[in-house]
1. Based on the Cα atoms of the range 30-113, what semi-axes does the equivalent ellipsoid have, where each is the square root of 5 times one gyration tensor eigenvalue, given in whole Å with the largest first?
2. Using only C-alpha atoms and all pairs of different ones, pull out the Kirkwood radius for the range 69-210 in Å with one decimal.
3. Give me the percent of the accessible area of the range 141-248 that comes from carbon and sulfur atoms, probe 1.4 Å, all protein chains in place.
4. Under the rule a/c < 1.5 gives rounded, and otherwise a/b versus b/c splits prolate from oblate, where does the range 275-382 land using the Cα gyration tensor?
5. Of Lys304/Lys342; Lys304/Lys338; Lys57/Lys78; Lys192/Lys213; Lys193/Lys213, which sit over 21 Å apart, Cα to Cα?
6. Subtract the Cα-Cα distance of Glu82 and Glu101 from 0.36 nm times their separation in residues, and report this length gain in nm to one decimal.
7. Per residue of the range 171-183, in order, report the coupling 6.51 cos²θ - 1.76 cosθ + 1.60 (Karplus, θ = phi - 60°) as ³J(HN,Hα) in whole Hz, putting x for Gly and Pro.
8. So what J values fall out for the range 36-52 if you push phi through Karplus, 6.51 cos²θ - 1.76 cosθ + 1.60 with θ = phi - 60°, rounded to Hz, Gly and Pro as x?
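The values are calculated or read from the model by the stated rules, or taken from the named source; none is laboratory data. This is a predicted model, so every value here is computed, not measured. A quick note on method: Cβ atoms are made from the backbone with ideal geometry, for glycine too, and the neighbour counts reach across all protein chains shown. We work out accessible area using only protein heavy atoms, side chains counted, and drop any ligands, DNA or RNA first. Shrake-Rupley method; radii C 1.70, N 1.55, O 1.52, S 1.80 Å.
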Amino acid sequence: MLGFDGECILEPLSLPESPGGVVAVESSPSAPCIFCEEYYPLSEQDQLLKHMIIEHKLVIADVRLVADFERYVLYWKKRFTEQPITDFCSVIRTNSEAPLEEQDNYFLLCDVLPEDRLLREQLQQKRLREILEQQQRERYDATFRSTCMFCDTEFTGNRSVLFNHMAREHAFNVGLPDNIVNCNEFLAVLQKKLDSLQCLYCERTFRDKNTLKDHMRKKQHRKINAKNREYDRFYIINYLEFGKSWEEVQSEDDRDFLDNPEEDWSDWEEHPVHAVCLFCEQQVDTTEKLHLHMQEAHGFDLLKIKSESGLKFYQQVKLVNFIRREIHQSRCYSCQEKFQSKIELISHMEETKHITFLPARSTWDQPQYYFPTYENDTLLCALSDSEDELTAENQKEEIPVISEDISSLKALKQSSILNQLLCEENSN
């Protein structure tokens, strides 16, 4: 196709689709040079820094610790119009021994200046506040809608439903959903990598989707690469101390622990145990005293029952919870008679000796009695499983082990049972 001026049009044209005949162009965020009218996209921050060093001799220290680079630059652009740059920056002279015309003065802007340090802290606090607000909105967002990257199942409601599904069904775990921020962008980044046939962990690219799926499954690469800084912005821990990655924060926590391996615990006071009787309100400070009280006051010997019945740990737990529940409901666990009060119940059980008659094991050895009747029942914590000890005792009694005398190896070989068996085998 030729225009009126004879120039070729080498690509198809399209009419504007936006209202008013103007094509809407989304402008990317940008930051200005502090000294001139040059603007650079934030994605090209390094180019802006290079421009300011070459053209204006300005060096900004620790740029990665600046939480909001755009606001930081705008602030100093305004301040440099109000006062000379030397009021804020240290002057670094290069080639100081060379002739004057070959010397250069560079200006260092850093947080040694109280105003710069305050600005950086304020920007960091503002960024952290914005991120926490964003995270809070996402945590309680009920309008979330997304598709699983592995099975194309669609999920609506809270984002945790999708993350829990991927962890449970596909062994893809990116951590707790509450630790993630900018969730939709995070999922979009992961989906883009998979669409590009790229492994999320080793980041190799494969020829087709099935090969990629087999690789991630066999190599157990259904996880993200923690070394990839691209993911840092999606985890709240990376905003707590801006400029520090989660690894640095974690290593500091570990170092604090390792720096004090022998802390003084002399002021530690252990809270006394308050074990409560199964049948009355009596409390004692040790389980030994509790067992003694139940024997003397109620004629109930829990240790004897455990030993005679061969109760394992969880069977003891179920028995205690069963008795607690029956007593709480003022019901005799032997005859099932109900009473108006716990006092009447205990009086009945002691007079009829029902306190020592437990029902059939099938009554109380049920899964429902795994759960404590009282959540602060100290007696449950003091139960022990002496099954190994009992087994050892039984073995000692029933299967005596006698060491073999090997002082005469020749005689031992001739009288060995293995030797006799071999002889019988050969003779047959």
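1. Working: eigenvalues 107, 41, 31 Å².
So the three semi-axes of the range 30-113 are 23, 14, 12 Å.
2. Details: mean 1/r = 0.0502 Å⁻¹.
Computed over the range 69-210, the radius equals 19.9 Å.
3. Within the range 141-248, the accessible surface is 47 percent carbon and sulfur.
4. Numbers: a/c = 1.31, a/b = 1.11, b/c = 1.18.
Rounded is the answer for the range 275-382, as its axis ratio a/c remains below 1.5.
5. Numbers: Lys304/Lys342 25 Å; Lys304/Lys338 27 Å; Lys57/Lys78 18 Å; Lys192/Lys213 15 Å; Lys193/Lys213 13 Å.
Listed pairs above 21 Å: Lys304/Lys342; Lys304/Lys338.
6. Values: separation 19, 0.36 × 19 = 6.84 nm, distance 2.88 nm.
Fully extending the segment from Glu82 to Glu101 adds 4.0 nm.
7. Residue by residue, the range 171-183 yields 6, 9, 10, 10, x, 5, x, 5, 8, 9, 10, 6, 4 Hz.
8. Result, ordered by residue: 10, 8, 5, 10, 10, x, 4, 5, 10, 4, 4, 5, 5, 4, 5, 4, 5 Hz.
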